[in-house]
Amino acid sequence: MPELPEVEVVRRGLAAVVTGRAITAVTVLHPRPVRRHLAGPDDFAAQLRGQTFAEPRRRGKYLWLPLVDGDAVLAHLGMSGQFRLDRPDSPLVPNTRIVFGLEGGDTELRFVDQRMFGGLSISPGGAELPSEIAHIGRDPFDSAFDLAAAVRRLRARRTGIKRALLDQQLVSGIGNIYADEALWRARTHYARPTQTMSRPQAAAVLAAATEVMSAALAHGGTSFDALYVNVNGASGYFDRSLAVYGRVGQPCPRCGTSILREPFMNRSSFRCPRCQRRPQGAR
Ligand SMILES: [Zn+2]
């Protein structure tokens, strides 16, 4: 699943084109991505036709397209969901599932999803914040993000720091890539118990996460997975700047020690064994 920087790249790409434009047509090419709309694909299309998009919004890894009437189209990107903006006369890329015609006729908004774990749903009254994602914590890019409160919540957890970073209710937007990069920057082992961290240590990890996600955003995101592309189908290039993620056996950019890969929550964690030593007593 794309993390905050990759979703923000998509949000900005959409915002530049769809904001303030009316939906002239909706074509659902496969019913599965609209399965959350229980009234069915025809009703999904009928409800959206004639509506006007407001500026797309994001919280953490979640993206929604508010409508000026106060409802919203909530995107579930899942493992492989993508938005594209293409000329109506350009051929559909494989796995295009939903097509929105836009006022002016020069651009179509297309939802592409190979594996179809994701999809789109209509969130009634969801323009400000869809109720489906109201439990998601604010992300560090949110103007109302409260660092002191996030540090307090983090230290109150009895868990390892990486699990806490991945908990989207605590702080949203951080996934496996940026958690590993943030922990490397803050010289912290992923299993460090949160309740043993001082306020400055916890704040330093959150600051490192914010810094690395800002840097990734400036590079158009990370295209470690070929599915992380912008609305024109192009990928970001932050992967070249990753210090540990995906770099098993390569030298730590800080000390030269070989990066380790270890199993973590059915995935992997990457760390420098010298800069990020295992805490005493941690499993
Ligand atoms: Zn190192």
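The values are calculated or read from the model by the stated rules, or taken from the named source; none is laboratory data. What you see is a predicted model; the values in this text were computed from it and never measured. In this analysis, Cβ positions are derived from the backbone assuming ideal geometry, glycine residues included, and neighbour counts consider all displayed protein chains. Just so you know, the surface numbers come from the protein's heavy atoms only, side chains and all, with ligands and any DNA or RNA stripped out. Shrake-Rupley method; radii C 1.70, N 1.55, O 1.52, S 1.80 Å.
Overview of values
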| quantity | calculated |
| --- | --- |
| Point-to-point label distance, ALA156-ASN266, nm (Cα→Cβ direction, 7 Å offset) | 2.8 |
| Apportionment of accessible area to carbon and sulfur, the chain, percent (1.4 Å) | 48 |
| FRET efficiency for THR257 and THR196, using Cβ-Cβ distance with R0 set to 25 Å, rounded to 0.05 | 0.55 |
| Most to least packed among 169-179, 109-119, 83-93 [average Cβ atoms within 10 Å] | 169-179, 109-119, 83-93 |
| Distant-in-sequence amide H partners of HIS219 (H built 1.01 Å from N, under 5 Å) | none |
| Value of [θ]222 nm, deg cm²/dmol, for the chain, DSSP H segments ≥ 4, -39500 (n - 2.57) each, nearest 500 | -7500 deg cm²/dmol |
| In Hz, Karplus ³J(HN,Hα) per residue of segment 90-105 (6.51, -1.76, 1.60; θ = phi - 60°; x = Gly, Pro) | 7, x, 5, 6, x, 6, 5, 10, 9, 10, 10, x, 10, 3, x, x |
| Between helix 176-185 and the chain: long-axis angle, C-alpha atoms, 0 to 90°, nearest 10 | 40 |
| Convex hull volume per residue in cubic angstrom - Cα atoms of the chain | 128 |
| C-alpha center-to-center spacing [segment 25-67, segment 214-266] in angstrom | 31 |
| Kirkwood Rh, angstrom, segment 102-150 [1 / mean 1/r, Cα pairs] | 14.5 |
| Under the Karplus curve 6.51 cos²θ - 1.76 cosθ + 1.60, θ = phi - 60°, whole-Hz ³J(HN,Hα) for segment 263-274, x wherever Gly or Pro sits | x, 8, 6, 6, 10, 10, 10, 10, 7, 8, x, 8 |
| Quarter of the Cα convex hull surface for segment 61-217, i.e. its orientation-mean projected area (nm²) | 10.9 |
| Spin-label zone in segment 53-78 - amide nitrogen under 14 Å from a point set 7 Å from the Cα of ALA144 along the C-beta vector | 58-60 |
| Probe 1.4 Å, accessible area per residue of segment 17-80, Å² | 42 |
| Rounded Å value of the spacing that divides the Cα centres of segment 163-211 and segment 119-140 | 24 |
| Theoretical gain in end-to-end length, ALA215 to ARG49 [0.36 nm per residue, Cα-Cα removed] | 56.0 nm |
| Helix 4-18 axis, angle to the chain major axis (alpha carbon atoms, nearest 10°) | 20 |
| Rel. contact order, % - alpha carbon contacts under 8 angstrom, at least six apart, segment 178-283 | 30 |
